[in-house]
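Novice: Questions regarding the structure given below will be posed in turn.
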Amino acid sequence: MKEDFYEILGVSKSATEAEIKKAYRKKAIQFHPDKNPGDTVAEENFKKAAEAYEVLGDPEKRRQYDQFGHAAFENGGAGGGMNMDDIFSQFGDIFGSAFGGGFGGFGGFGGGGARRVKGTNLRIQLKLNLEEIAEGVEKKVKVKRKVQAEGVTYKSCSTCNGTGQVTKIQNTILGRMQTAAPC
């Protein structure tokens, strides 16, 4: 049986978002693999804390967890399918970085995810030490990007509106089913 996410982070069920975030920060620093190299127990605790924060740090997922417990995510991929890249992506949100995402493994809840906005798929890899992660840091990053030439107009694809993928939503007896395919 899975451990209670509130117990993993050491917070009460009535904890505020700020308290949950603070508790996750503390656990992430305590069990961070860089601070505990080769310690598999610390790595496992780090993963558990990240999984707990992924759910409790999102108001909608927290509501589902409070109502249904772990069963709310059993078919959505929130189990052992995580890897360290997924966990480290949490630092983008938790430590205030402008670049980052979520786990992406909690699918199947129709319309609950964020919509893609042009430019949001930018990923930049930065090296940060533990102190910078804990305290926060501002770093300047140079980004090369393509811009539209003057006097030239481009036409977006009428099928996908320039997103590169076509989304199809079907209503079924089991709920809404959403599929995405390349355009």
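Only the coordinates and a few stated rules stand behind these numbers; no lab work does. Keep in mind it's a predicted model, so treat the numbers as computed, not measured. When we count neighbours, we look across all protein chains shown, and the Cβ atoms used for this are built from the backbone with ideal geometry, even at glycine.
Novice: In nm, give the distance between the simple-model label positions of V147 and A180, each being 7 Å from the Cα along the Cα-to-Cβ direction.
Specialist: In this crude label model, V147 to A180 measures out at 2.9 nm.
Novice: Here is a follow-up. Which peptide among 157-168, 58-69, 21-32 comes first, and what is the full order, when sorted by highest mean count of other Cβ atoms within 10 Å?
Specialist: Details: 157-168: 11.3, 58-69: 14.8, 21-32: 18.4.
Going from most to least packed, we get 21-32, 58-69, 157-168.
Novice: Modelling each spin label as a point 7 Å along the Cα-to-Cβ direction, I'd like the S156/R123 distance in nm, to one decimal.
Specialist: In this crude spin-label approximation the distance works out to 2.4 nm.
Novice: Let me ask another. Between D66 and K26, how high is the FRET efficiency from 1/(1 + (r/R0)^6) when r is the Cβ-Cβ distance and R₀ = 30 Å? Nearest 0.05. Intermediate results must be reported in sequence, preceding the final value.
Specialist: Values: r = 22 Å, r/R0 = 0.74.
Result of the calculation: an efficiency of 0.85.
Novice: Can you give the FRET efficiency to the nearest 0.05 for Q170 and K140, using r as the Cβ-Cβ distance and R₀ = 41 Å? Don't skip to the answer; put the middle values down first.
Specialist: Working: r = 46 Å, r/R0 = 1.12.
My answer for the efficiency is 0.35.
Novice: Sticking with this structure for a sec: Give the peptides 3-16, 44-57, 169-182 in descending order of average Cβ contacts within 10 Å, highest first.
Specialist: On the way: 3-16: 14.9, 44-57: 21.6, 169-182: 9.6.
Ranked from most to least packed, the peptides come out as 44-57, 3-16, 169-182.
Novice: Can you give the local net charge around L130? Use residues other than it whose beta-carbon is closer than 11 angstrom to its beta-carbon, Lys and Arg +1, Asp and Glu -1.
Specialist: On the way: positive: K35; negative: D34, E131, E132, E135.
Surrounding charge for L130 is -3.
Novice: Let me ask another. Taking region 134-171, which GluC sites (Glu not before Pro) meet the DSSP loop condition and have no more than 15 other C-beta atoms within 10 Å?
Specialist: On the way: sites: E135, E138, E150; in loops: E138, E150.
Within region 134-171, the qualifying GluC sites (Glu not before Pro) (loop, at most 15 other Cβ atoms within 10 Å) are E138, E150.
Novice: Here's another thing I want to ask about it. Using θ = phi - 60° and the Karplus curve 6.51 cos²θ - 1.76 cosθ + 1.60, what whole-Hz ³J(HN,Hα) does each residue of region 3-19 get, with Gly and Pro shown as x?
Specialist: Result, rounded to whole Hz: 6, 5, 4, 5, 5, 4, 7, x, 10, 7, 5, 9, 4, 7, 4, 5, 5.
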